[in-house]
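Peer 1: Below is the structure I would like to discuss, written out as structure tokens.
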Amino acid sequence: MLELYPDFYNDVFGPIMQPGSSSHTAGPCRIGYVASCLLDAPLKRIQVYLDPEGSFAGTFGWMSEDLGMLAGAYGFLPEEEKIFDIRQILNEEGILYQFIFEKIAESSHPNAVKFVLTDRDGEQVVLVGNSIGGGMIEVVWAMGIPISYKGDKELVIHTNRRQYVLRPILPVITTEKKKPQLFSDFEEWIRIAEEKHLSLWETALVYEENSSGWDREEIIEYMRVIQRLLKRQTDYIDEAREQLLETSLSGYHFRKWESYCKQSHPVIGDVITNALTYAYRVQAFRRGVRIVPGPMGTGGGYLYSAVRAVMEARNLSDEDALHGLFVAAGVGAICYTRSEPTGEATGCAGECGVCSAMAAAAITEMSGGTPGQVESAASLALQAAIGWPCDPIPGGKNQPCFSRFTTAITMAITFSELALSGRDGVVPFHEVVDVMDKVGREMPSGLKCTAEGGLCASPKAEQCKAKMYVKKGDALHQIQ
């Protein structure tokens, strides 16, 4: 049997979801959903266990972890808009729920979560899973049995009581049509493209043919769906601004930037100005407007913000941008093959840095760059992000995330231009990914999405957290 490897529509651009974090909202939602599938009778009680030293406990409520977990246990997947109403739904149906902060013995992963669900007949099911980034999960323990389930195929669990069936939850299901991974670094990618007389984007398409077993047109159409969703993320504010999910604690970034641009022409130039305008639209969020991670929850939208600004400046077509997205997916697949690009594992380099590298490669491809220039653009962008911590401040108006994704977007455009000018990235992209992974994993846990170290330890950040949270030990402590 072939070893599972990163897929464009499972790992890189996925899941298609409601606004939130891919690893903190979508991932635990999927784990809860898998747990709910074990029940025979209607749900009566939800108990969610979180490691007090883990990432979920550190940012609990701020990244909608609570909503994702409860919604999943109820039977919703991340694309369901009712995820935002889950507390009301549970209260109306008399379903009890509780969050418990204690060590999870079955997993040491920073994004581990344990579900204990009780049905109306009094039967209990227990499941432990890890959110491993980009909405992807691994269930490691169910009904007393160690397992490894990532949602790509059906898994049957046999116990003394009965058998349980875990059904696939990912867009791309592993079948007998799956072939070996086509490439895991740029050297292989470029070599195969030259041998087959294909462009990088066409070779990336072959990668997905091997992975999914889908036909060419099916793969292209799914990417078009993603492209339309990404474009809508940059447009939706024009529809209904009063429905945005911005708050005083998250900041009103788009409103302030839009007002400034109307009053003063930014000296950074039209392309960067437009890229930031689109990105801050993406960041505002509105329930019902689905997002596409890549790799972080809003990463796909940020990536497309840079792509769209360059596309408009160079009078490129949607088809050109589509080709860029396939190259971005190939870059993302290399990153997911060699690393775990999440804030919890590798710091913000694994999120904003990878997002920037994907965008830089996409822009270079659609601008007519050579394969070597595409790799250099990705390498240059990721090199600049190595060592970035992931230290989001709860209640801190999205700092320092705002600074880092702004940097990622502008870096992508700048390093693409430098690569097109002939600047060599020097270090092959896969080696940069390996260094990013090593440096990220060596950082202390306080610097990796636990809201404990880095800027989160500053006096001002402590004040922000105090406004956001009442008491760490109270599982329902989020201030509404």
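All of the numbers you see were taken from the coordinates with simple rules; none came from a lab. Here the structure is a predicted model, which means the values were calculated and not measured. Because the Cβ atoms are built from the backbone with ideal geometry, glycine has one as well, and the counts that use them run over all protein chains shown.
Peer 1: Across the stretch 291-300, in residue order, what do the Karplus-derived ³J(HN,Hα) couplings come to in whole Hz, using 6.51 cos²θ - 1.76 cosθ + 1.60 with θ = phi - 60° and x for Gly and Pro?
Peer 2: Along the stretch 291-300, the couplings run 10, 10, x, x, x, 7, x, 9, x, x Hz.
Peer 1: Along the positive direction of the dipole of the chain (beta-carbon charges: Lys, Arg +1; Asp, Glu -1; about the Cα centre), which of 22, 118, 461 reaches farthest?
Peer 2: Highest projection toward the positive end goes to 461.
Peer 1: A further question follows. Putting +1 on Lys and Arg Cβ atoms and -1 on Asp and Glu Cβ atoms, find which of 144, 12, 323 reaches farthest to the positive end of the dipole of the chain.
Peer 2: Farthest along the dipole direction, towards plus: 144.
Peer 1: Along the stretch 142-155, what does the Karplus equation 6.51 cos²θ - 1.76 cosθ + 1.60 (θ = phi - 60°) give for ³J(HN,Hα), rounded to whole Hz, x for Gly and Pro?
Peer 2: Computed from phi, the couplings for the stretch 142-155 are 8, 6, x, 10, x, 9, 9, 10, 10, x, 8, 6, 7, 9 Hz.
Peer 1: Okay, next question. Between residue 466 and residue 255, how high is the FRET efficiency from 1/(1 + (r/R0)^6) when r is the Cβ-Cβ distance and R₀ = 41 Å? Nearest 0.05.
Peer 2: 0.95
Peer 1: Right, something else. Would you list 97, 336 from fewest to most Cβ contacts within 10 Å?
Peer 2: On the way: 97 21, 336 25.
Placing the least packed residue first, the sequence is 97, 336.
Peer 1: So what is the relative contact order for the chain, in percent, with contacts set as C-alpha pairs under 8 Å and at least six apart? Don't jump to the answer; show the numbers that get you there.
Peer 2: Working: 1011 pairs, mean separation 79.9, N = 480.
This gives 17 percent for the chain.
Peer 1: What spacing in nm lies between the two simple spin-label points modelled at residue 159 and residue 214, each 7 Å away from Cα in the Cβ direction?
Peer 2: It is 3.5 nm.
Peer 1: Going highest first, how would you order 237-246, 304-313, 39-48, 145-154 by mean Cβ packing within 10 Å? Mind dumping the intermediate values first?
Peer 2: Working: 237-246: 13.3, 304-313: 24.2, 39-48: 17.3, 145-154: 15.7.
Ranking the peptides 237-246, 304-313, 39-48, 145-154 by packing returns 304-313, 39-48, 145-154, 237-246.
Peer 1: Looking at the chain, what % of the alpha carbon pairs are farther apart than 45 Å?
Peer 2: 9
Peer 1: Please work out how much length the chain gains when fully extended from residue 431 to residue 188, using 0.36 nm per residue of separation minus the C-alpha to C-alpha distance, in nm with one decimal.
Peer 2: 86.1 nm
Peer 1: How much FRET efficiency would the formula 1/(1 + (r/R0)^6) give for residue 421 and residue 87, where r is the Cβ-Cβ distance and R0 is 56 Å, rounded to 0.05?
Peer 2: Details: r = 53 Å, r/R0 = 0.95.
It comes to 0.60.
Peer 1: So the label point goes 7 Å from the Cα of residue 270 along Cα→C-beta, right? Which residues of the stretch 354-369 then have their backbone N under 12 Å from it?
Peer 2: From the stretch 354-369, the list is empty.
Peer 1: Related question: Mind pulling the angle between the C-alpha long axis of helix 186-196 and the longest principal axis of the chain? Nearest 10 degrees, somewhere in 0 to 90.
Peer 2: 60
Peer 1: What is the sum of charges, Lys and Arg at +1 and Asp and Glu at -1, for the other residues whose Cβ falls under 14 Å from the Cβ of residue 103?
Peer 2: Once positives and negatives cancel, what remains is -3.
Peer 1: Here's another thing I want to ask about it. Give the long-range amide H neighbours of residue 132: residues separated by 5 or more places, or on another chain, with amide H under 5 Å away, using H modelled in the peptide plane at 1.01 Å from N.
Peer 2: 137, 138
Peer 1: What do you get for the angle between helix 401-420 and the principal long axis of the chain? Use alpha-carbon atoms, 0 to 90 degrees, nearest ten.
Peer 2: Roughly 30 degrees, rounded to the nearest 10.
Peer 1: Using helices alone, I'd like the mean residue ellipticity at 222 nm for the chain: each DSSP H run of four-plus residues gives -39500 (n - 2.57), total over residue count, nearest 500.
Peer 2: The helix contribution divided over the chain gives -14000 deg cm²/dmol.
Peer 1: Still on this structure, I have one more. What nm distance separates the two modelled labels at residue 102 and residue 239, each placed 7 Å from Cα along Cα→Cβ?
Peer 2: Going by the 7 Å Cα→Cβ label model, 4.5 nm.
Peer 1: Still on this structure, please answer the following. What are the aspartates and glutamates whose alpha-carbon lies under 20 Å from the alpha-carbon of residue 460, with same-chain residues fewer than 8 places away excluded?
Peer 2: By straight Cα distance, residue 460 reaches 391, 452.
Peer 1: I would also like to ask the following. Under the rule a/c < 1.5 gives rounded, and otherwise a/b versus b/c splits prolate from oblate, where does the stretch 20-166 land using the Cα gyration tensor? Mind showing how you got there, number by number?
Peer 2: Numbers: a/c = 1.42, a/b = 1.09, b/c = 1.30.
It is rounded, given that a/c, with a ≥ b ≥ c, falls under 1.5.
Peer 1: Another question, then. Rounded to the nearest 20 Debye, what is the dipole magnitude of the stretch 20-166 about its Cα centre when Lys and Arg each give +1 and Asp and Glu each give -1 at the C-beta?
Peer 2: Taking the Cα centre of the stretch 20-166 as origin, the dipole is about 300 debye.
Peer 1: Another question about this same structure. For a protection proxy built on the mean count of beta-carbon atoms within 10 angstrom, sort 76-87, 214-225, 5-16, 104-115 highest first, please.
Peer 2: 5-16, 104-115, 76-87, 214-225
Peer 1: Which order do the peptides 170-183, 398-411 come out in when sorted by mean C-beta neighbours inside 10 angstrom, highest first?
Peer 2: Values: 170-183: 16.3, 398-411: 21.2.
The peptides rank, most packed first, as 398-411, 170-183.
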